[in-house]
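A short worksheet on the structure shown next.
The values are calculated or read from the model by the stated rules, or taken from the named source; none is laboratory data. None of these values were measured; they are calculated from a predicted model. Glycine gets a Cβ as well: all are built from the backbone with ideal geometry, and neighbour counts include every protein chain shown.
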Amino acid sequence: MSVTDPAQTDLGYTDPNPMRAGRWPRVQAVAIPVVSVLLAFALGGILIGLQGVNPLYAYWVLFQNALGSSEGLLRVMEKSTPLILTGLAVTIGLRTGLFNIGAQGQLLVGAIGAAWAGYNFQLPALVHIPFAIVFGMLCGAAWASIAGVLRAYRSVSEVITTIMLNAVAIALVDYLASRPLKEPDQPITRTPPVAESAALPDFGIVPSGFLIALAVAIFFSWFLTRTNQGFRFNTVGMNPSAANYAGIGVKKTIFLAMAVSGALAGMGGAVETLGITGRFEPTFNAGLGFDGITIALLARANPIATIPAALLVGTLRSGAATLQFETGIEPEVVDVILALTLLFVAAPIVSRLLLRKKAQKRTSVGSGWGGA
């Protein structure tokens, strides 16, 4: 079944020329993120200049250290892998009219679940790796389903519940990693290392987890545009009333979308545990789920576009550590750049002013991103 991709449509601008009208949404989908990133880098350059460093030199150092060697490229792909998956998690929610801010909590629950499955069993690698990843996905899906049930059947805002569940998840995994799942005879809060049979291998400078993330992004690009269930997600996201009138089970679709979103975030945590850290340590997973929000918005809720968006954020995160050593700049400037990017790409009024186009007001970020 072929379905028009709502991520490539724009309800806020109508051109009387059908050729231009079909071209404009594609131009907008690329122009808004690009302009947002350039503006964020320009303002970040001003902050760098105020610290007495040439912004062009600072950016050269950042990208050179991240992309100028095989080790740097490996780090970029390692950092980008969970970001692609958390970006997809938020994207699925946005396409269904939901704003899943709980990807961080879902990632943490998936990460510790995968760690438990990774060290608690002795299985062949061909069985152990998929088992641990799927177990982490199920943990993330179960955690997100709490917000899904409340949203679908009690009309409780998923924004509120996912924010609250983030705090609960952080406390829960800290308790598990410091008490029942803690590595014996270790003062550090962490689980035992996963078995070798559960560890994700690298293929040269390419982590296998990165290849998994690419495959998942391609799959969901197909899923959202070529399947009946993807059509249901998109339709509920654009107009729940029309979806209900057409016979689509809105409540069931909302619940399923939150579960799928949580499973993707849980996969991000599982891949991070099995492929990067080799165990669960709470501090190693900080912020990955929140970066997923930036990536989903930067990608304009397009699954394929989450790949370059995650690579950009992964590059910045990878190169930030060397900024302070080589230039004296505080690495937090990267956080400022990402925050500015999120601001510019998410604020409709800023986007309209930048592109000098008239657009109708979108009712909310959650509902509008199904059709932006």
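Remarks
- Which listed residue, of Thr341, Thr322, is modelled with pLDDT under 95, part of a helix (DSSP H, G or I), of a type in the set (Ser, Thr, Tyr) and in contact with a Ser or Thr (Cβ under 8 Å, 6 or more places away or on another chain): Thr341
- At least 3 residues being on the phi < 0 side of the Ramachandran plot and at pLDDT 95 or above is the threshold, and among the helices (runs of 4 or more DSSP H) wholly inside the range 164-251 those reaching it are 208-226, 228-238.
- Within the range 205-226, residues that are closer than 10 Å to Val271 by Cβ reach partners that are assigned to a helix (DSSP H, G or I) and not aliphatic (A, V, I, L, M) with beta carbons closer than 6 Å, at six or more positions or on different chains, in the pairs Pro207/Glu78; Pro207/Gly275; Gly209/Thr81; Gly209/Gly275; Phe210/Thr81; Ala213/Thr81.
- Residues satisfying the stated conditions in the range 276-294, i.e. modelled with pLDDT of 95 or more and surrounded by 24 or more Cβ atoms within 10 Å (Cβ to Cβ): Phe280
- Meets criteria (buried (at least 18 other Cβ atoms within 10 Å of the Cβ), of a type outside the set (Val, Ile, Thr), at pLDDT 90 or above and in a helix (DSSP H, G or I)) for Ala40: yes
- Test: residue in the range 60-73 that is farther than 19 Å from Val333 by Cα, modelled with pLDDT of 90 or more and buried (at least 16 other Cβ atoms within 10 Å of the Cβ): yes
- Listed by first and then second residue, the pairs linking a residue in the range 305-333 that is under 13 Å from Leu47 (Cβ atoms) to a residue that is of a type in the set (Phe, Trp, Tyr) and modelled with pLDDT of 85 or more, with Cβ atoms under 6 Å apart and 6 or more places separating them unless they lie on different chains, form an empty list.
- Filter result (under 12 Å from Ser261 (Cβ atoms) and either among the small types (Gly, Ala, Ser) or in a loop (DSSP other than H, G, I, E, B) (or both)) within the range 144-163: Ala144, Ser145, Ala147, Gly148
- Selection of the range 295-315 for residues being surrounded by fewer than 24 Cβ atoms within 10 Å (Cβ to Cβ) and within 23 Å of Thr273 (Cβ to Cβ) yields Ile307, Leu311, Thr315.
- Selection of first residues in the range 174-189 that are under 13 Å from Ala115 (Cα atoms) and of second residues that are of a type in the set (Gly, Ala, Ser), restricted to Cβ pairs under 8 Å at least 6 apart or on distinct chains, gives the following pairs, ordered by first then second residue: Leu181/Ala115.
- Annotation: Ile146 fulfils all but one of (1) under 30 Å from Lys252 (Cβ atoms); (2) touching a Pro at 6+ places or on another chain (Cβ under 8 Å); the unmet one is (2).
- Of the helices (runs of 4 or more DSSP H) that lie entirely inside the range 52-125, those containing 3 or more residues that are in contact (Cβ under 8 Å) with a residue 60 or more places away in the chain and among the polar types (S, T, N, Q) span 70-95.
- Failed item in (1) surrounded by fewer than 24 Cβ atoms within 10 Å (Cβ to Cβ); (2) touching a helix residue (DSSP H, G or I) at 6+ places or on another chain (Cβ under 7 Å), with Gln51 passing the rest: (2)
- Of all residues in the range 198-212, those being in contact with a strand residue (DSSP E or B) (Cβ under 8 Å, 6 or more places away or on another chain) and more than 15 Å from Ala125 (Cα to Cα) number 1.
- Number of residues in the range 174-185 that are over 21 Å from Ala286 (Cα atoms) and in contact with a Pro (Cβ under 9 Å, 6 or more places away or on another chain) equals 1.
Conditions tested, residue by residue: (1) surrounded by fewer than 21 Cβ atoms within 10 Å (Cβ to Cβ); (2) farther than 21 Å from Gly287 by Cα.
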| residue | (1), (2) |
| --- | --- |
| Ile84 | no, no |
| Ala89 | no, no |
| Leu98 | no, no |
| Leu108 | no, no |
| Gly118 | no, yes |
| Pro130 | yes, yes |
| Ile133 | no, no |
| Leu150 | yes, yes |
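- Single unsatisfied condition, Lys252 versus (1) within 20 Å of the chain's Cα centre (by Cα); (2) touching a residue at least 12 places away in the same chain (Cβ under 8 Å): (1)
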